[in-house]
1. Could you please give the count of residues in the range 123-150 that are within 14 Å of Tyr54 (Cβ to Cβ), outside any helix (DSSP H, G or I) and not hydroxyl-bearing (Ser, Thr, Tyr)?
2. Applying the selection to the range 165-177, what residues are in a loop (DSSP other than H, G, I, E, B) and either more than 12 Å from the chain's Cα centre (by Cα) or at pLDDT 95 or above (or both)?
3. Every residue in the range 99-127 that is small (Gly, Ala, Ser) and either within 12 Å of the ligand (Cβ to nearest atom) or in contact with a His (Cβ under 9 Å, 6 or more places away or on another chain) (or both), please.
4. Please go through the range 151-161 and give me each residue that is part of a loop (DSSP other than H, G, I, E, B), modelled with pLDDT under 95 and within 13 Å of the ligand (Cβ to nearest atom), ordered by number.
5. Kindly indicate which of Val72, Val86, Val77 is within 26 Å of Tyr170 (Cβ to Cβ), touching a Phe, Trp or Tyr at 6+ places or on another chain (Cβ under 9 Å) and β-branched (Val, Ile, Thr).
6. What are the residues in the range 118-129 that are buried (at least 18 other Cβ atoms within 10 Å of the Cβ) and either of a type in the set (D, E, K, R) or under 23 Å from Ala83 (Cβ atoms) (or both), if any?
7. With the checklist (1) surrounded by fewer than 20 Cβ atoms within 10 Å (Cβ to Cβ); (2) without any contact (Cβ under 8 Å) to a residue 60 or more places away in the chain in hand, flag the one item Asn105 doesn't pass.
8. Among the residues of the range 133-140, are any at positive phi, away from the ligand (no atom under 16 Å from the Cβ), modelled with pLDDT of 95 or more and not aromatic (Phe, Trp, Tyr)?
Amino acid sequence: MTFKSLKISFLVIFTMSLAFIGSTAHADAAVKTPSWGHWESSKITYTYSGSSKYYQKIWKSAVKKWNKTGAVKLKAVKSQKKADIVLQTSASLSTQKGLFTGYTNYSFYNHQDEDAEIVSANSTLNRDLLTSFSYTKKQRTNVATHELGHALGLSHSKSRRSVMYASNRYESISHQDKVALEKAYAD
Ligand SMILES: [Zn+2]
């Protein structure tokens, strides 16, 4: 049995567009994808909160891709209250650090000897930036898959082949991404 600390912590991970990042990438496909946390169960609910059918389809494709790994089972629910993960879009995301293609924020429990336990997550895509940098539908799906990967507990990978590469635009889920998710939900 594990004991949860009573404190819930918060974290936001921003995802940069390729235009704003330096080149520190590894082309090595064997670079491991890190994870920092996981949900209590591999059965996780989500809802899309938005009116755009176009983006609803993009998020749904991202959900399908993670479900296909077999490591998690994401299930759609209608109400935000019942949803673990809320998926949405925003017209513009800019901070003092720059412009971002998307971001994911969480609340989580800190465990003493193991990974954090995520209790809520919210992933957002920046419609304006994706449009102004002419991301294709497939590339927008890759960014959505990246954000959802964060919402499932994955961190940024140093491998350009990983969907979790910090400024990923071109890649979908790699073998290392699947392995990382399997490991995070192993018990
Ligand atoms: Zn990211």
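1. Number of matching residues: 1.
2. Passing the criteria: Ser167, Arg169, Tyr170, Glu171, Ser172, Ile173, Ser174.
3. Of everything in the range 99-127, those that are small (Gly, Ala, Ser) and either within 12 Å of the ligand (Cβ to nearest atom) or in contact with a His (Cβ under 9 Å, 6 or more places away or on another chain) (or both) turn out to be Gly102, Ala116, Ala121, Ser123.
4. Ser155, His156, Lys158
5. Among Val72, Val86, Val77, only Val72 is within 26 Å of Tyr170 (Cβ to Cβ), touching a Phe, Trp or Tyr at 6+ places or on another chain (Cβ under 9 Å) and β-branched (Val, Ile, Thr).
6. Once the filter is applied, which keeps residues that are buried (at least 18 other Cβ atoms within 10 Å of the Cβ) and either of a type in the set (D, E, K, R) or under 23 Å from Ala83 (Cβ atoms) (or both), the range 118-129 yields Ile118, Ala121, Asn122, Ser123, Thr124, Leu125, Asn126, Arg127.
7. (2)
8. no
The values are calculated or read from the model by the stated rules, or taken from the named source; none is laboratory data. Since we're looking at a predicted model, the values are computed, not measured. Positions of Cβ are backbone-derived with ideal geometry, glycine not excepted, and every protein chain shown enters the neighbour counts.
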